[in-house]
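No lab work stands behind these numbers, since they all come straight from the coordinates. As the structure is a computational prediction, the values presented were derived from the model and not from experiment. Using ideal geometry, Cβ is built from the backbone for each residue, glycine included, and neighbour counts are taken over all protein chains shown.
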Amino acid sequence: MLRLTPFLGLVAAALACAQGEPLPDLPDPLGRAGMMAAVLREADGREVIVATGGTNFPDKPVWQGGQRKFHKEILKLSRQDGAWAWRKIGELPEGLGGAAFCPTPKGDGLIIAGGAAADGHRASVWLIGLDGKVTRFGADLPQPRAYAGFAAANGNLIVIGGSAHPDATETLPTLTSLDLDAPGGGWRTTDADPSYGRIIPLVGTGPNLLFWAGGCSLSAKDGKPFRDYHENLAFQSSLDAGNRFHGLPHALAGAAGPGVATRTHLFFVGGDDGSQYGQPHETNTGLTRRILAVEFESLEVTDLGEWPHPVAVAPLLRLGDDLVTVSGEIRPGVRTPKLTRWPIPAKYR
């Protein structure tokens, strides 16, 4: 036993190093916003990240009339020869962004529902396997839906709000959910409720808790969609349900998410505070870098400091004991290829 101790110590040190080492950039130097991603497990138990979709402006910036491109590559990030590396493993049927997503209950696939494509929003639901194979997964959404809030809980994918088409001047005021173990049974949709009617809200789940906050409502202004940013939160639990107007420290939408649950808290990163909404893209610096933790029982929101860079509309994942953002926007129209890793403080894990 004594002879094994140094060896085990080296193994533990190597694993700690692997857990904390920087992750490679997305293999697209422009980065992408609105990707779909999940931490999955290979058959041997190794954690990998599968990511797909997203949008950017490859020809020229949006403020110079650049056209948005919707991507369809399916990428896997795994450790190869002792280092993290990306490789392409497949393609979606078409480019998509802003879809709801979650891992399968067994952690062996990525489910994506709805989303935006180049010519409109979608209702289709897809399953991406660890090998990159894409198959239909159960019933389509009741209607096209993109930029919704979403989270997985108790074997269900829950989708809140969103919009039905690119030029929508109102949000979808419903919650809909799919049993991931019986997807053929279709989606179960609530009656209309104004508290559900948001795009890109912060959504997460905890023990017997569904939480959604912030986001934007939509209206028409000069014939175009206009966003109204919110700070209020709403919740449903096994004991209570309700709304709080001053839920977040300030208005916020599009934070990296869905919320990552730890033993006691939900985490969100960054987002758009709306303070510079409507200003020219080239001068807009309104995206934030705050790290927010929401306590399950009290719903108290704690600011834990700054992410290394602004980020919005990006997947937020838990890899080991770290939070990871996958690409995303750093200011409107500008993306980052970075995968940024931040250790969750021990007392929150």
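Here are the numbers:
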item	result
Check on residue 124, out of contact with any strand residue (DSSP E or B) (no Cβ under 7 Å at 6 or more places or on another chain) and either hydrophobic (A, V, I, L, M, F, W, C) or under 30 Å from residue 78 (Cβ atoms) (or both)	yes
Residue ID - nearest to residue 316 (Cα to Cα), chosen from residues in region 226-282 that are in contact (Cβ under 8 Å) with a residue 40 or more places away in the chain, among the hydroxyl-bearing types (Ser, Thr, Tyr) and assigned to a loop (DSSP other than H, G, I, E, B)	262
Output for region 219-274, where each listed residue is charged (D, E, K, R) and within 20 Å of residue 302 (Cα to Cα)	231, 244, 263, 272, 273
In region 199-225, the residues that are in a loop (DSSP other than H, G, I, E, B), loosely packed, with under 15 Cβ neighbours inside 10 Å and small (Gly, Ala, Ser)	223
Qualifying residue in region 329-344 (condition: of a type in the set (Asp, Glu), crowded, with 17+ Cβ neighbours inside 10 Å and touching a residue at least 12 places away in the same chain (Cβ under 8 Å))	yes
Residue tally, condition buried (at least 20 other Cβ atoms within 10 Å of the Cβ) and either part of a loop (DSSP other than H, G, I, E, B) or free of Cβ contacts under 8 Å to residues at least 40 places away in the same chain (or both), over region 185-198	3
One residue from 107, 90, 82, 114 being within 19 Å of residue 317 (Cα to Cα) and of a type outside the set (Phe, Trp, Tyr)	107
Condition broken by residue 302, with the remaining ones in (1) in a strand (DSSP E or B); (2) in contact with a helix residue (DSSP H, G or I) (Cβ under 7 Å, 6 or more places away or on another chain); (3) surrounded by fewer than 18 Cβ atoms within 10 Å (Cβ to Cβ) satisfied	(2)
Residue 345, sole failed condition from (1) closer than 28 Å to residue 111 by Cα; (2) out of contact with any helix residue (DSSP H, G or I) (no Cβ under 9 Å at 6 or more places or on another chain)	(1)
Answer residue from region 158-201, given it is of a type in the set (S, T, N, Q) and within 19 Å of residue 313 (Cβ to Cβ) and is farthest from the chain's Cα centre (by Cα) among those	171
Segments classed as strands (runs of 3 or more DSSP E), wholly inside region 48-130, with at least 2 members that are more than 21 Å from residue 145 (Cβ to Cβ) and among the aromatic types (Phe, Trp, Tyr)	83-91
